[in-house]
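What follows is one structure encoded as structure tokens, with my remarks underneath.
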Amino acid sequence: MDLDVVFLGTAGSAPTAQRGLPATLVRRGGDRLLFDCGEGTQRQLLRSIGLIDLEEIFLTHFHADHVLGLPGMLKTFSLRQRERALTVYGPAGLERLFKVLQPLIGNTPFPVRLVELDPNDELDRDGYRIAAYAVDHVPHALGYALVEEPRPGHFDPERARALGVTPGPDFGRLQRGETVDGVAPGQVMGEMRRGRKVVLAGDGAPAEMTRLVHKQVGAVCHEATFLDEEGERAAETKHSTARGAAELAAAADVHTLALTHVSTRYGGGQVRDEARQAFERVIVPRDFDAIEIPFPERGEPVHVRVDDARPVPAG
């Protein structure tokens, strides 16, 4: 089951010639989940994987740089005569936001379902869940964690034969957790294997809840709007510095930290260099870069750079 994160927009509050406004796509198997939808997101999709008929969009909060891509995208879906329903998730105030946007969006030929989430709400999916959690930014702002279910351990067919189990359907029953002729699954199955975990933190200052959610995550996408030299400004606006995000990642034993929401004040190299003073496995992705996240036993996350499409170990 493939899992990757595609960075569609990595700028802060204002776009640049190289960076679009915040938008991140998570792909797991056939699922396509968009987190935030800054101005120009549909064009970023067209320039990368194509403007797919998304079924779920998750908003972290309602600042303009995170939501103003929605009217245009929904309008394009309408022009296509889309019929499939679209669900938009977000914190409290989502329905009020759509009332404001209604004159821009107009009537759509497809259902748009709005779901307001509270911190600690979870959405169950096939083999994983999406958990919302509170971040320290504006009231009701959310981050999201995609958490896979643990997977069964490896099956030992030789051990099963030695215990008298006949190869065939009985092997499958053991792997599904059934006892066969007195042989319990635990006798022939290895330890459960942990799933993968990806966190999209949205905007926010480093906080204890964020550290707890980040614990032992494969990849965290966290904002780094400021450098230490503007730490006071970061605190006033409830944003993160590059060092602050990195210190959080180090404390949480994150594998790979991807810093986004890059301000026009800085180059990506400046952000990376400050963060690496506190945590080595840091990347500052550009638009259309990706992180491929294999199962833990198959290797480490890989940073795929858009310029040459050559994968390199993340961080």
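The values are calculated or read from the model by the stated rules, or taken from the named source; none is laboratory data. Since the structure is predicted, the reported quantities are computational estimates derived from the model, not experimental observations. Here Cβ is always computed from backbone atoms with ideal geometry, including for glycine, and neighbour counts include all displayed protein chains. To get the accessible areas, we keep the full protein, side chains included, count just its heavy atoms, and leave off ligands, DNA and RNA. Shrake-Rupley method; radii C 1.70, N 1.55, O 1.52, S 1.80 Å.
For segment 173-182, the tally of residues that are of a type outside the set (D, E, K, R) and either in a loop (DSSP other than H, G, I, E, B) or at pLDDT 90 or above (or both) stands at 4.
Quick check on this structure: which one of 283, 293 is within 28 Å of residue 151 (Cα to Cα), of a type in the set (A, V, I, L, M, F, W, C), at pLDDT 95 or above and in contact with a strand residue (DSSP E or B) (Cβ under 9 Å, 6 or more places away or on another chain)? Answer to the selection: 293. Residue by residue through segment 145-166, note down the ones that are of a type in the set (Asp, Glu), over 20 Å from residue 218 (Cβ atoms) and open to solvent by 80 Å² or more (accessible area, probe 1.4 Å). Hit for segment 145-166 is 158, nothing else. For segment 26-38, a residue qualifies if it is free of Cβ contacts under 8 Å to residues at least 60 places away in the same chain and crowded, with 23+ Cβ neighbours inside 10 Å, and the qualifying residues are 34, 37, 38. Would you check if residue 127 is surrounded by fewer than 16 Cβ atoms within 10 Å (Cβ to Cβ) and either of a type outside the set (Val, Ile, Thr) or farther than 22 Å from residue 290 by Cα (or both)? Yes; evaluated as a whole, the condition is true for this residue. Only residues that are assigned to a loop (DSSP other than H, G, I, E, B) and either over 19 Å from residue 204 (Cβ atoms) or hydroxyl-bearing (Ser, Thr, Tyr) (or both) were counted in segment 274-284, giving 4.
Yes or no, residue by residue, for (1) touching a helix residue (DSSP H, G or I) at 6+ places or on another chain (Cβ under 9 Å); (2) under 24 Å from residue 207 (Cβ atoms):
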residue	(1), (2)
101	yes, no
104	yes, no
109	yes, no
116	yes, yes
122	no, yes
126	no, no
129	no, yes
132	no, yes
141	no, yes
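Residue count for segment 48-59 under the criterion of being loosely packed, with under 15 Cβ neighbours inside 10 Å and either on the phi > 0 side of the Ramachandran plot or in contact (Cβ under 8 Å) with a residue 24 or more places away in the chain (or both): the result is 3. Pick from segment 168-186 the residues that are more than 35 Å from the chain's Cα centre (by Cα) and among the charged types (D, E, K, R): which of them is surrounded by the most Cβ atoms within 10 Å (Cβ to Cβ)? Step by step, filter segment 168-186, then rank; the result is 170. In segment 126-153, the residue that is farthest from residue 30 (Cα to Cα) out of those that are in a strand (DSSP E or B) and charged (D, E, K, R) is 136.
Summed over segment 109-125, the residues that are in a strand (DSSP E or B), of a type outside the set (A, V, I, L, M, F, W, C) and within 18 Å of residue 97 (Cβ to Cβ) give a count of 2.
Among all positions in segment 201-216, there is no residue which is polar (S, T, N, Q) and at pLDDT 95 or above.
The listed residues are 32, 27, 47, and the only one of them that is farther than 18 Å from residue 200 by Cβ and not small (Gly, Ala, Ser) turns out to be 47. Could you list all residues from segment 60-96 that are open to solvent by 20 Å² or more (accessible area, probe 1.4 Å) and assigned to a helix (DSSP H, G or I)? 64, 72, 75, 76, 79, 95, 96, listed by residue number.
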